[in-house]
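Beneath this line is the structure, given in structure tokens, with notes to follow.
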Amino acid sequence: MQTLDLSDPQTRLIVLTGAGTSAESGIPTYRAMNGLWRTHSIQEVATAYGFLNDPALGWRFYSERRVDALAASPNAGHVALADIEERLGDRFLLVTQNIDGLHQRAGSRRVIELHGNLLHSRCTVCDRPPFADDRLYQELPLPLCEVCTDRAAPGMIRPAVVWFGEAIQGADMARVEKFMESAPRGHLVFLAAGTSGVVTPASAFVEDAKRLAAATWLVNLEPPENVGYFQNVLLGASGAIFPALFGVTPG
Ligand code: APR
């Protein structure tokens, strides 16, 4: 089994994770045979239009996701990432497309949640900041925002996740760019894991990394759409591969 050489104190590691890294925790992925997008319509449950059209359907879907996330525990892959962060400190950054919060529960701290967090909610109208919320909204009436009740049409509470057609936070993108660009040339390692490489902007991070002469690694069960960009491809489960790849002992 290969091990990443991160011993040079100038080397920086950026890791991009997707749904596959939570699969071993029992969280369904999106595009597998039994994935969420095989049984649910993206248009209905993963767009702002779909939510406003049928918020009860949206909340049933995200309440099920909350149940799954709360019942799950971090797997060996999540733990290995937290361990390597412990060793690298500010030379490490984790960017996840996952909304389940399992990286933080494993101990990861330098995490960018590109697609938001399932266990937070926000208002459809006002700009109150997202707030922690693990409640299940499976029955009517659906929750309205308590902050904008004086409006003619108060906002609704919605999951604080980024849907198709919605913008990724500019500050998150800037943090990713800054981390990669500030690595000394030849000292950036980019690793993607558990992602099908079809959703931008995350799927294009490997191209940015390559422009910066990064070493590119992939850990994925099957070859993703953008597999051609990676120099080093390890096919398999992240929970099985990460501990050896990072040279950390499963605890
Ligand atoms: N270890 C590594 N890879 C795995 C594992 C595993 N244990 N299990 C599955 N995979 C791989 C699959 O082979 C697949 O390539 O993980 C990938 C999961 O792909 P998707 O289901 O498409 O998930 P993801 O790439 O994270 O989706 C991106 O799409 O709908 C949106 O917002 C949603 O964040 C999500 C985005």
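The values are calculated or read from the model by the stated rules, or taken from the named source; none is laboratory data. The shown structure was predicted, so the numbers you read here are calculated from the model rather than taken from an experiment. Virtual Cβ from ideal backbone geometry, glycine too; neighbours counted across all protein chains shown. Note: accessible area is taken over every heavy atom of the protein model, side chains too, but ligands, DNA and RNA are not part of it. Shrake-Rupley method; radii C 1.70, N 1.55, O 1.52, S 1.80 Å.
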Margin query: For Ser7, only one of the following conditions fails: (1) open to solvent by 20 Å² or more (accessible area, probe 1.4 Å); (2) among the polar types (S, T, N, Q); (3) modelled with pLDDT of 95 or more. What is its number?
Written below: (3)
Notebook entry, point to check: From the list Ala48, Ala69, Ala80, which residue is open to solvent by less than 50 Å² (accessible area, probe 1.4 Å) and closer than 24 Å to Leu188 by Cα?
Noted result: Ala80
Notebook entry, point to check: List the pairs whose first member sits in the stretch 57-68 and is in contact (Cβ under 8 Å) with a residue 60 or more places away in the chain, whose second member is in a helix (DSSP H, G or I), and whose Cβ atoms are under 7 Å apart, counting only residues at least 6 apart or on separate chains?
Noted result: Gly58/Val45; Gly58/Gly50; Gly58/Phe51
Next item on the list: Within the stretch 28-45, track down each residue that is β-branched (Val, Ile, Thr), within 11 Å of the ligand (Cβ to nearest atom) and open to solvent by 40 Å² or more (accessible area, probe 1.4 Å).
Entry: Ile42
Check: Counting only residues that are open to solvent by less than 20 Å² (accessible area, probe 1.4 Å), away from the ligand (no atom under 15 Å from the Cβ) and of a type outside the set (A, V, I, L, M, F, W, C), how many does the stretch 205-244 have?
Finding: 1
Margin query: Which condition from (1) surrounded by fewer than 20 Cβ atoms within 10 Å (Cβ to Cβ); (2) within 13 Å of the ligand (Cβ to nearest atom); (3) more than 27 Å from Met173 (Cα to Cα) is the one that Ser25 breaks?
Written below: (1)
Item checked: Test set (1) more than 12 Å from the ligand (Cβ to nearest atom); (2) more than 19 Å from Ala160 (Cβ to Cβ); (3) surrounded by fewer than 18 Cβ atoms within 10 Å (Cβ to Cβ) - Pro74 fails condition number -> (3)
Checklist line | Qualifying position, being under 18 Å from the mean Cα position of the chain (by Cα), closer than 19 Å to Ala237 by Cα and modelled with pLDDT under 95, among Ala23, Ala76, Ala32 | finding: Ala32
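This table checks each residue for (1) over 13 Å from the mean Cα position of the chain (by Cα); (2) closer than 27 Å to Ala192 by Cβ; (3) crowded, with 18+ Cβ neighbours inside 10 Å.
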residue	(1), (2), (3)
Leu57	yes, no, no
Val111	no, yes, yes
Ser121	yes, no, yes
Leu140	yes, no, no
Ile157	yes, no, yes
Gln169	yes, yes, no
Item checked: Check on Ala192, in contact with a Gly (Cβ under 9 Å, 6 or more places away or on another chain), of a type in the set (A, V, I, L, M, F, W, C) and under 29 Å from Ala23 (Cβ atoms) -> yes
Item checked: Contacts under 7 angstrom Cβ, first residue in the stretch 5-24 being closer than 13 Å to Asn75 by Cα, partner among the acidic types (Asp, Glu), 6 or more apart -> Ser22/Asp100
Next item on the list: Considering every residue within the stretch 189-199, establish whether at least one is without any contact (Cβ under 8 Å) to a residue 12 or more places away in the chain and at negative phi.
Entry: no
Notebook entry, point to check: Among Trp37, Trp59, which is the only one that is in the same structural domain as Tyr137 (by TED's automatic domain parsing) and within 21 Å of Asn220 (Cα to Cα)?
Noted result: Trp37
Notebook entry, point to check: Only one of Gly186, Gly247 is more than 18 Å from Arg31 (Cβ to Cβ), more than 12 Å from the ligand (Cβ to nearest atom) and touching a residue at least 60 places away in the same chain (Cβ under 8 Å); which?
Noted result: Gly247
Notebook entry, point to check: Out of all the residues in the stretch 203-231, which are touching a residue at least 60 places away in the same chain (Cβ under 8 Å) and farther than 19 Å from Arg185 by Cβ?
Noted result: Asn220, Leu221
Checklist line | Spans of helices (runs of 4 or more DSSP H) in the stretch 1-103 with at least 3 residues under 24 Å from Leu140 (Cα atoms) and out of contact with any Gly (no Cβ under 6 Å at 6 or more places or on another chain) | finding: 48-53, 55-71
